[in-house]
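J.: My questions all concern the structure below.
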Amino acid sequence: MGVAQLRRTSLWPLAIAALAAILAALGLAAQGARAAEGPLVGCPPGAECGVIRVPLDHAQPGRGTLGLAVARLRARARPGLPRNGAILFLTGGPGQAGIARDDPEFMRLLRVLSRNRDVVAVDVRGTGRSGALRCAAIDGDDPLPTETLDELNAAVAACAGQVGPGRRFFTTRQVVADLEVIRAALGISTWSVGGTSYGTYVATTYARLHPTRVAALLLDSPVAPGGVVAPDPLEYAASRRVMRALCGGGACAGITRNLVADVAAVQRRIEGPGVAATAVDSKGRARRVRIGSEAAGLLFAAFGAGDLAPPVWSAFPAAVRAARRGDGSMLVRLLGLEEDGVEHPTRLSEADFLATICNEANLPWAPGTPPAARRGAFDALVGAISPATLAPFTRATAALDPTVHFCVGWPETRISSPSARPLPDIPALILVGSWDTRTPVANARALQAQLSRSQVVVIPRRGHSLLTGTDGCVLQTVLRFFAGRRAGRCGPLPREIKAMPPVPPRSLAALAPTGRGLPGRTLTAVRRTLADAGFALAVGGAANAESIVIGTGLHGGRVLLIVEGPGGLKLRFERFSYIRGVQVSGTLDIRPDLGLWDGRLVVAGSAAAPGRLQRSLKGNLRGTLGGVAVRGPNQEATGTLPEAVGINPDDVPILGARRALRQAFAR
């Protein structure tokens, strides 16, 4: 399993998804430890873009310079509409590019929310067009193997060598010094500063070091005041709380009576005899595997991914229940096999992530500890953690913390520490989702204690990164804040998770027939298979970010969402198997404007009654299976494919098919 997969499931340290015995190492794009060239979003429409040069090392400016890409969207100049200064907004990561990654619409939205301020975006050093760090060891065409911890440590060490000694200068403090140069170059006296996730840590560090230059803070999903802690007990506590909330109000009825107990049972089984599963790659090829103790972090990683991707949480209870019954295939699928879905370094730099985190995270060893002594220090820390702190997970889970294992092989450690200066006495709005597990509510409360004029707004039933969502209440809260009013509160908000899939049946024989005998059971299986396709797509990967999304069957095959120009969407099934021994192939045409879809399907497989079916626009399935005429409603698929029937195809080329899927699924 590759570095990118580990980091993706834990933008901040969630868990190492130690699937080394399950998944092959992922091949990534790009090459060379140099300034990146690659797919970039151009200058946002209406904005001014340019490059501002800064010292590589602000403590010794003679070491050389870096060019930083900066975009500025001016406040509107209209009679009666006052211009209210400027706001700088910082993206997360670390490693995310601010200009290249953001939807251009976000800058325009932020201009409105901030009451007509200039909006400034930056690709901070080491990201995007500001010399995105690369290293062939982990993001080249032929990356080093990372299937064991020793191989991972060696690959990270090789990456550090390829980046070179300048890696020491990719820290939050250097970024903050860059921002002060940018502010002065733009002729801005004071500005409001905002950020999401890691961007909040940069924002608060800037406010500590340059307090007279910050008018207000807007902090979305904040990192703790002292920076990243690995492993972090607060994340385990938040995961436990969110699991209970996820199934509150009978939401998991018919799936599980106690999700936390199910997770504990499956965790024990993984660390014991293991759980059998089918792993399916993006081409639909299946192989049988066993999830064993080397994957003790799988459950934590899978659950943690849900605070950015609600479809993962929707399927998590059924996946855990199925694993408790002995089939871990749904769990494996939740992590997504995105061989072709890893982002280009100019959008998200793995090397910058490693340099920043390893240079300054709160790790289990003292600054200056040589790599050879770090594992021992980590083992001692894990052994001292109370099991109750980690429940329903275990010390074996904590022992596979990805941030720690990334940094075991990185040469430097904790060369940059958090500023001890106080935060200034300025207005601050802190937004946090009540279901955020990677930057929990406790982080927001800790920051609030250091900001006497701050307001914390906890957004109910929401996870990580709130400003990029679609909740009107969040936007109204920001508007009120910049108008100088109390931000108020949000809620109750509707659940983002509209439907939870059932526990997959053990076999075709476990299904009630739609009609008689084997043909009737096969028809029921097809209905369930079409319903499962929506969940498969929602947690799947993008083969082509603008046109195709791939979802894999639990037992083989795949389904593709294909965008064929404006107004054209198709679902293509290629031997897609939800129930062992039943395969569905064929194509369905989707009409998002009408919420309709129809097409023809071929049914095959060792357990099925083979034949052909047609799905009508009204949602009925009819045809011949095993030589018998069959007919039945397809209510399950109609009700659980919002991601297919709720997408405006005109939006897909802009947002990317996968993002559109997840947004539609969450509505």
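The values are calculated or read from the model by the stated rules, or taken from the named source; none is laboratory data. Everything numeric here is computed off the predicted structure, so don't read it as measured data. Note: ideal-geometry Cβ built from the backbone for every residue, glycine included; neighbour counts use all protein chains shown. Areas reflect the complete protein model, heavy atoms only, side chains present, ligands, DNA and RNA absent. Shrake-Rupley method; radii C 1.70, N 1.55, O 1.52, S 1.80 Å.
J.: Let me check I've understood the local charge: for Ser417, count other residues with C-beta under 10 angstrom from its C-beta, Lys and Arg +1, Asp and Glu -1. What total comes out?
T.: Numbers: positive: Arg173, Arg414; negative: Glu360.
Summing Lys/Arg as +1 and Asp/Glu as -1 gives +1.
J.: Next question, about the same structure. Compute, for Asp57, the solvent-accessible surface of its heavy atoms (probe 1.4 Å) with the complete set of protein chains present, and express it in square angstrom to the nearest 10.
T.: 10 Å²
J.: Also, quick follow-up: So what J values fall out for segment 53-70 if you push phi through Karplus, 6.51 cos²θ - 1.76 cosθ + 1.60 with θ = phi - 60°, rounded to Hz, Gly and Pro as x?
T.: Couplings: 8, 9, x, 4, 10, 5, 6, 9, x, x, 6, x, 9, 10, x, 10, 7, 10 Hz.
J.: Quick check: the distance between the Cα centres of segment 443-505 and segment 182-253, to the nearest angstrom?
T.: Cα centroid of segment 443-505 versus Cα centroid of segment 182-253: 12 Å apart.
J.: From the P(r) of segment 401-442, can you give the percent of Cα pairs sitting at distances over 12 Å? Show your work: numbers first, answer last.
T.: Numbers: 662 of 861 pairs.
Of all Cα-Cα distances in segment 401-442, 77 percent exceed 12 Å.
J.: Please calculate how many Å² of accessible area segment 81-220 carries per residue, with a 1.4 Å probe and no DNA, RNA or ligand atoms counted. Show your work: numbers first, answer last.
T.: Details: 4050 Å² over 140 residues.
Result: 29 Å² per residue.
J.: So the label point goes 7 Å from the Cα of Ser417 along Cα→C-beta, right? Which residues of segment 140-179 then have their backbone N under 18 Å from it?
T.: Answer for this model: 171-174.
J.: Give me the net charge of Pro492's neighbourhood, meaning all other residues with Cβ under 14 Å from the Cβ of Pro492; Lys, Arg count +1, Asp, Glu -1.
T.: Taking every Cβ under 14 Å from that of Pro492, the sum is +2.
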